[in-house]
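Enquirer: Structure below; questions to follow.
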Amino acid sequence: MTADTFKEILHRTPFEPFRVAMSSGENYNVMHLEMVLVTARCLILALPDSTRAEGERLAFCSYLHIAQVEILKPSRAA
């Protein structure tokens, strides 16, 4: 995966939610465009986390460790 790959995914209209699967086995659902920042070396995700005072946590996903990206269908997006 590269920054260009994610820029293409994020510029689709309408936005399509997607899942990022990491080589570690972790998965992150990206439900809104505002959850994502594309940098040269990694994808930064702002994820909901009710256990934190801020209500969110950040995940830094190195492109080298992203194993798969799956577009979520409306029935699977929840």
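Enquirer: Just the number please: accessible area per residue for the stretch 1-57, 1.4 Å probe, all protein chains included, in Å². List each step's numbers first, then the result.
Expert: Numbers: 3680 Å² over 57 residues.
The answer is 65 Å² per residue.
Enquirer: Could you state the orientation-averaged shadow area of the convex hull built on the Cα atoms of the stretch 16-61, in nm² to one decimal? Each step should come with its number before you reach the end.
Expert: Values: hull surface 14.6 nm².
One quarter of the hull surface, i.e. the mean projection, equals 3.6 nm².
Enquirer: Give the carbon-plus-sulfur fraction of the accessible surface of the chain in %, rounded to a whole number; probe 1.4 Å, heavy atoms of protein chains only. Kindly include the intermediate steps, with their values, before the conclusion.
Expert: Numbers: 2810 of 5180 Å².
Answer for the chain is 54 percent, counting heavy atoms of protein chains only.
Enquirer: Percent of Cα-Cα pairs per 10 Å bin, from 0 to the last occupied bin, for the chain, please list those.
Expert: Bin by bin from 0 Å, the calculated values are 18, 55, 26, 2.
Enquirer: I would also like to ask the following. Given labels modelled 7 Å from the Cα in the Cβ direction, how far is it in nm from Q68 to E54?
Expert: 3.0 nm
Enquirer: Ok, one more. Given charges of +1 on the Cβ of Lys and Arg and -1 on the Cβ of Asp and Glu, with all other atoms neutral, how large is the dipole of the chain about its Cα centre, in debye to the nearest 20?
Expert: In debye, rounded to 20, the chain gives about 120.
Enquirer: As a test of reading the structure, rank H32, H11 by solvent-accessible area (1.4 Å probe, protein chains only), most first.
Expert: On the way: H32 105, H11 140 Å².
Reading off the accessible areas and sorting them downward yields H11, H32.
The values are calculated or read from the model by the stated rules, or taken from the named source; none is laboratory data. Worth saying up front: this structure is predicted, and the values here are computed from it rather than measured. Note that each Cβ is placed from the backbone with ideal geometry, even for glycine, and that neighbours are counted across all protein chains shown. Areas reflect the complete protein model, heavy atoms only, side chains present, ligands, DNA and RNA absent. Shrake-Rupley method; radii C 1.70, N 1.55, O 1.52, S 1.80 Å.
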